[in-house]
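Accompanying notes for the structure given below.
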Amino acid sequence: MNCASKLGFDRILAMVCDACSTAYGRNRAGQETFSSSEEEVERRLALCDEMRLILMFENGFPDSGFTDCIPFLIPLENEHTHIDLPSLGVLKNSLDTLRKTVHFFDSLPDGKYPLLREMTRPIATFPEVLRRIDVILDRYGEVRDGASDELREIRRRIHEGEGSLSKRIQAILHSAVAEGLADADASVCIRDGKMLIPVSAAMKKRIPGIVYDESASGKTSFIEPLEIVELNNRLRELHFEENREILRILVTFTDFLRPYLPDILNAEEYMGELDFIRAKTLVSGRFPGGKPVISRQGEVILKKARHPLLEEALRREGKQIVPLDLTLSPQKRILLISGPNAGGKSVCLKTVGLLQYMLQWGMLIPASESSEIRIFDDIFIDIGDDQSLENDLSTYSSHLNNMKEMLATASGNSLILIDEFGSGTEPAAGGAIAEQILSELESRGSYGVITTHYTNLKFYANNSNGVLNGAMMFDVQKIEPMFRLEMGLPGNSFAFELARKIGLPEEIVHGAEERAGSEFVSIERNLRKIARNKRTLEEKLTRIKNTDKTLENITEKYEKELSDIKALRKSIIEEARDEAREILAQANRKVENTIREIREAQAEKERTREVRRELDTFSQELEAKRRNERDLEIDRRMQQIIARKERQKQRKEEREKRAAEGTDLKKGAVKGAESAPGEEKPVLCIGAKVKVKGGDLVGEIMQISARKIKVAIGDIISEMDPARLELISSREFKNLTRPAPRKIQMDSSISDRKLNFKPTLDIRGFRLEEAITTVTHYLDDAVMVGYPQVSILHGTGTGVLREEIRKYLKIYPEVSSFHDEAVERGGAGITIVNFK
């Protein structure tokens, strides 16, 4: 099977060849093959991606001068050959372009465009060869007079001879005009490099010379006078000498050039390779896209993928293409697409095949850079009608031959593309054979995209582990296809609707519907309903698992932080006690000194006032020291941690409540606290005092409803679940609301974090668990110091780290949005995070 031509890659290849400036580049395009090596594909894509960035952003890279030199350089290795003037001009342009290219890469900073720089590193620039060519040729490609002393002398003599010849023939012409042999307005003519005098045909014998030509009417003859013939002969001899000297110069230069030929040929191959890479990049640039991630987890995730040939055709018509989003995974390897005719099923299949072929051939593809594509060993394709009268093959026989080839060699590293699976024969038999083949391909672990109309295949995909249904969407209101793929649902052919739109008689359509029966319609409807419910359930289960895992990590982190802060609090309290003892001792000494000074001064009023002022100053200093900033920060941090833990606990309880079906809303109602002796037992009513379970927060009930209770906690009124509250007595309420004698606050580490905080986090090379933990701490610090936006550098790689980080960002409460960095500053390798 000619896979490339069936997918349309032959047209892409023709575009690449047309974009090449050299024969070497065109030959490379023709010789390049489909590669199944991940390393080789990665290298080809990286080279094209580097060239794409160069063509987009760099001004110093030459955009012309890629010329063919190899065809005339190879023969010069023979000692009996020499270069000609046109080839010398081409070589000059090529070596000048080579010099500019090597200089461009040598002037780049380290780490920029590494693969292309590595290609360029061993290439020489041949400045002496360029200098020698500049001595020989001027900027117009002509040999300079100073190419040699002999040539300068010959051309001087030619110039003098031409001057003498011009003067002499002008004198002869004036004499002929004076004698009436030539017209008064006659002038010297040049034919084939000879200077001739036009005279009347009747007078031609009056001037000695050679009749060289005559006019079309025969009335004018063009004569070369005899005395001019000798001068012309001398000039011709000088021109022959000039040509011999130029030939000698070229032979001498060729002898000089010959030792450089191996290195120059290597450099020309390098330029041809650059020309090939540049041509691939230019063609890829016609269909905007980029370099996807090579998946090593066995996934094919196409995002905003477009068929390049279809996109270009629609663009010429002023239309927009509908991008394709598609996912194949090791769990769901085969996509079975169904839907209406002309709804885009075959376009989806060909888009997957063509983009896969382009990628493994070494081209950037028209899809999002965040797409992920795995590498296959081979691609099998069955598209179109391969019937052959010569080989006695019918349409269905040709399909079966293709199936035989697939089954002979397909493996878990194969991509299978089949259009209209099972068609071409009796539906029951064709559907059964197709289902058995599909089962075999699934058991081998092959990947594939298959289109069909057969209901039995849709049922098979719905109940299969490795096959996934896909539907081409259809606008029932407008009776027209939407060309958009929806994963997880089987499609409907909408045959009756299309028949009505086309204009088939209503009695025909209605009769067909009756013949099909209501069972046919209900099968399609129920199949889609089952598939939709199954997909919804799977998505919910995945979300729940991810959320639980993330919550476990967050809870563990906050518990550790709370433990650390409690230890810090204990340490600070001990330090505060020691400091308080020292302060008390200082105060006692100050008071004793003050009393002693007052007694010694014998209660002198002025001295007493001065001593009291000193004591007041000392007291104020102690008060200021007690209220320092680090204490305030510690308290704020502890309150944040406690409040955050309460929110997490509350969310978890709410999720558990929603998950439990039939849970009694009154379950876990507020428990009554035991009253102290002499007090009434508290009851659940407006004005009752309550305490939040698991914490020290207390408040007063303001309003009671069927599901929630409004509680005033300080100046804040909050709606809370009854299960989270516990009734307390008035005495307990007073004890818990009594102000603490002194607040324990935070040390200077918060200020240090704010000073040392950086708006960019680099987690490249981290393991997933380590990266999630690091990002969590980083986001907490960003919220604490009040940064509105940060960036996380995770790289592109396989895309797993980026995907997991973004899943976590979706559930982080303080994050408002996130997006990719601009392409020129890192693109999909960096995530920008905005906070609320």
* Asked: When the residues of the range 539-571 are filtered to those that are of a type in the set (A, V, I, L, M) and surrounded by 15 or more Cβ atoms within 10 Å (Cβ to Cβ), which remaining residue is farthest from residue 771 (Cα to Cα)?
  -> 568
* Asked: Which number in (1) under 30 Å from residue 124 (Cα atoms); (2) of a type in the set (Phe, Trp, Tyr); (3) under 17 Å from the mean Cα position of the chain (by Cα) marks the one condition that residue 287 misses?
  -> (1)
* Asked: Could you say whether any residue in the range 800-809 is outside any helix (DSSP H, G or I) and hydroxyl-bearing (Ser, Thr, Tyr)?
  -> no
* To do: State whether the residues of the range 283-296 include one that is assigned to a helix (DSSP H, G or I), open to solvent by 30 Å² or more (accessible area, probe 1.4 Å) and of a type outside the set (A, V, I, L, M, F, W, C).
  => yes
* To do: Determine, yes or no, whether residue 131 is within 30 Å of residue 102 (Cβ to Cβ), surrounded by 14 or more Cβ atoms within 10 Å (Cβ to Cβ) and free of Cβ contacts under 8 Å to residues at least 24 places away in the same chain.
  => no
* Asked: Of 461, 428, which residue is open to solvent by 60 Å² or more (accessible area, probe 1.4 Å) and assigned to a helix (DSSP H, G or I)?
  -> 428
* **Options 167, 100, 112: the member that is farther than 23 Å from residue 264 by Cα and surrounded by 12 or more Cβ atoms within 10 Å (Cβ to Cβ)** => 112
* Residues (open to solvent by less than 40 Å² (accessible area, probe 1.4 Å), part of a strand (DSSP E or B) and among the small types (Gly, Ala, Ser)) located in the range 192-215 -> 209
* Asked: Which one of these does residue 189 not meet: (1) farther than 17 Å from residue 247 by Cα; (2) open to solvent by 50 Å² or more (accessible area, probe 1.4 Å)?
  -> (2)
* Looking for whichever is farther than 21 Å from residue 382 by Cβ and among the small types (Gly, Ala, Ser) here; the options are 495, 461. Which one fits? => 495
* To do: Only one of these is farther than 30 Å from residue 301 by Cβ, modelled with pLDDT of 80 or more and in contact with a helix residue (DSSP H, G or I) (Cβ under 8 Å, 6 or more places away or on another chain): 792, 750, 728. Name it.
  => 728
* To do: Can you give me the number of residues within the range 786-822 that are exposed (fewer than 15 other Cβ atoms within 10 Å of the Cβ) and aliphatic (A, V, I, L, M)?
  => 3
* Please tell me if residue 58 is over 16 Å from the mean Cα position of the chain (by Cα), among the charged types (D, E, K, R) and open to solvent by 50 Å² or more (accessible area, probe 1.4 Å). => no
* **Residues (surrounded by fewer than 24 Cβ atoms within 10 Å (Cβ to Cβ) and either in contact (Cβ under 8 Å) with a residue 40 or more places away in the chain or not in a loop (DSSP other than H, G, I, E, B) (or both)) located in the range 308-322** => 309, 310, 311, 312, 313, 314, 315, 316, 322
* To do: Say whether the condition of being open to solvent by 40 Å² or more (accessible area, probe 1.4 Å) and free of Cβ contacts under 8 Å to residues at least 12 places away in the same chain is met by at least one residue in the range 43-53.
  => no
* Check whether at least one residue in the range 360-375 is at pLDDT 90 or above, over 30 Å from residue 819 (Cα atoms) and either open to solvent by less than 10 Å² (accessible area, probe 1.4 Å) or of a type outside the set (Ser, Thr, Tyr) (or both), and report yes or no. => yes
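The values are calculated or read from the model by the stated rules, or taken from the named source; none is laboratory data. All values derive from a computational prediction rather than experimental measurement. Cβ sites come from the backbone with ideal geometry, for glycine too, and all protein chains shown count toward neighbours. Only protein heavy atoms, including side chains, enter the accessible area calculation; ligands, DNA and RNA are left aside. Shrake-Rupley method; radii C 1.70, N 1.55, O 1.52, S 1.80 Å.
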